[in-house]
Amino acid sequence: MALRNWQTISLLAQYGPVAVFSIYKGPGGKGDLPGVEFWQHCDLYEAKRSFFSKVQCRLQNLRPQGHPYVDWVYRDGVAQRLQDCLHQLQPEVVVFEEVWLYRYLATVQRHGCLTVLDNHNLEGDKEVYRQDTNASRKLQIQAHIRLRQIRSVEAAFIRQVTQTWLCSAEDQSLMQQCYGDRQNTWVIPNGVDVDFYNGVRQGDIAPAEILQQQVHRVLFLAKFSYGPNQQATEILIREIYPVLRQRYPDCELLLVGREPTSLMQQAAKENPRIIVTGQVPDVRPYLAAAQVMVVPLRQGGGTRLKILEAFAAGCAVVSTAKGAEGIAVEDDEHLLLRESADDLAAGVITLWEDGAFRSRLAAAAWELVNSRYSREGVGQRLRDAIAALPLETSP
């Protein structure tokens with residue numbers, strides 16, 4: 001999400017100064033982001049919730065509309081600070097990151113701004129809200145309520161904003177299935193700065209110091225507090241990596257990203273060839289250390305920036321269809337698409353053992369990301385969307 005937000009900020013900066021109003025659980029601050037001239041951060045742990053808001057959350061299962069997390073994110077004090085910023089800055093367009101900020105929409109609309117929902121994931125289609133027939137009756141009812149609630153919020157948000165941006169044509173099709181055809185939707189794919197990763201592909205960026213030894217190494221890059229990534233990591237540790245070790249006892253599993261789980265940390269403690277880095281300042285030395293990235297995702301929405309990063313860096317990819325969803329890839333041309341844990345492991349072994357095939361896949365994947373998912377390619381999609389807004393300024 002952070003990479004997509006930066007993509008949006010950098011492209012919108014072509015039209016004029018960009019202001020950021022961030023709402024997050026914890027402290028935040030302004031970094032050196034070109035084009036960002038104003039940054040107001042609100043720490044949700046410090047912002048107080050009203051008594052009425054607390055009562056709403058207590059009655060969450062009785063409400064036909066709303067959603068507990070949408071309610072939790074909202075604070076009267078934060079809304080007031082947002083209103084003060086809008087009054088001070090007088091923006092023409094306000095872009096909302098994801099559906100969870102829905103209750104702040106009314107504050108923005110009072111200022112007459114054009115509004116955009118950048119919907120990173122179509123929440124109303126997520127598997128997390130599906131009814132599990134093996135779950136208890138209570139959990140099935142709760143899943144049904146949550147699905148109804150999030151669809152109510154998402155439908156209202158999409159209906160009220162000037163435009164909705166989605167990550168892929170697949171998400172656009174799913175949105176139509178959930179909420180009907182909407183004329184104000186635009187597909188703005190996730191993209192990457194391809195030039196940033198050229199040093200990996202060309203061998204100019206060395207592997208991280210702890211990974212200098214030349215061994216068979218597979219990488220998974222993720223934010224591990226995200227449920228689908230946790231599930232994928234468990235599959236990697238318990239099902240895929242043991243198969244790889246049977247063939248290559250010296251092979252390493254490299255798990256890179258913030259908020260590692262207790263399962264990951266315990267696995268790393270028990271096996272030094274499972275390497276858990278936590279958050280790193282630069283992912284390129286870790287991409288340089290791995291011959292293959294594996295993406296064993298079973299759930300989740302949007303498109304996986306990790307795959308685009310691997311493509312740009314020249315790192316071959318083995319993924320499930322869900323993992324590669326939303327990216328215009330073809331099996332055995334840009335990557336290997338495999339579903340079961342055994343088949344994913346077999347795909348990794350194939351790429352380890354056939355360097356020529358691995359190089360062909362990586363070259364085709366680079367051509368794809370450079371032509372369709374570079375900042376230039378995505379930028380044209382965003383410019384088309386902005387051109388459809390009744391703006392007074394132009395780049």
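The values are calculated or read from the model by the stated rules, or taken from the named source; none is laboratory data. None of these values were measured; they are calculated from a predicted model. Note: ideal-geometry Cβ built from the backbone for every residue, glycine included; neighbour counts use all protein chains shown. Side chains are part of the model used for accessible areas, which takes the heavy atoms of the whole protein and leaves out ligands, DNA and RNA. Shrake-Rupley method; radii C 1.70, N 1.55, O 1.52, S 1.80 Å.
Overview of results
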item	result
Filter result for Glu376 (open to solvent by 60 Å² or more (accessible area, probe 1.4 Å) and at pLDDT 95 or above)	no
Identity of the residue in segment 333-349, of a type outside the set (Gly, Ala, Ser) and under 13 Å from Arg217 (Cα atoms), that ends up surrounded by the most Cβ atoms within 10 Å (Cβ to Cβ)	Val348
Of the criteria (1) at pLDDT 95 or above; (2) open to solvent by less than 30 Å² (accessible area, probe 1.4 Å), which one Gln265 fails	(2)
Contacts under 8 angstrom Cβ, first residue in segment 266-280 being touching a residue at least 12 places away in the same chain (Cβ under 8 Å), partner of a type in the set (Ser, Thr, Tyr), 6 or more apart	Ile274/Tyr241; Thr277/Tyr286; Val280/Tyr286
All positions within segment 234-262 that are assigned to a helix (DSSP H, G or I), open to solvent by less than 50 Å² (accessible area, probe 1.4 Å) and touching a helix residue (DSSP H, G or I) at 6+ places or on another chain (Cβ under 6 Å)	Ile235, Ile237, Ile240, Val243, Leu244
Of the criteria (1) of a type in the set (S, T, N, Q); (2) in contact with a Lys or Arg (Cβ under 8 Å, 6 or more places away or on another chain); (3) surrounded by fewer than 21 Cβ atoms within 10 Å (Cβ to Cβ), which one Asn190 fails	(3)
Residue, surrounded by the most Cβ atoms within 10 Å (Cβ to Cβ), within segment 193-221, restricted to residues that are acidic (Asp, Glu) and more than 27 Å from the chain's Cα centre (by Cα)	Asp204
Matching residues, segment 278-311, being open to solvent by 10 Å² or more (accessible area, probe 1.4 Å) and under 25 Å from Glu123 (Cβ atoms)	Arg298, Gln299, Gly301, Thr303, Arg304, Leu305, Lys306, Glu309
The listed residue being within 28 Å of Trp165 (Cβ to Cβ) and either touching a strand residue (DSSP E or B) at 6+ places or on another chain (Cβ under 8 Å) or surrounded by fewer than 24 Cβ atoms within 10 Å (Cβ to Cβ) (or both), out of Gly323, Gly314, Gly355	Gly323
Within segment 70-96, considering residues that are touching a helix residue (DSSP H, G or I) at 6+ places or on another chain (Cβ under 6 Å) and either open to solvent by 40 Å² or more (accessible area, probe 1.4 Å) or in a helix (DSSP H, G or I) (or both), the one modelled with the lowest pLDDT	Asp71
Per-region count, segment 111-124, residues in contact with a Leu (Cβ under 8 Å, 6 or more places away or on another chain) and open to solvent by 30 Å² or more (accessible area, probe 1.4 Å)	2
Count of segment 1-60 residues which are open to solvent by less than 30 Å² (accessible area, probe 1.4 Å), outside any loop (DSSP other than H, G, I, E, B), at pLDDT 80 or above and under 22 Å from Trp72 (Cα atoms)	4
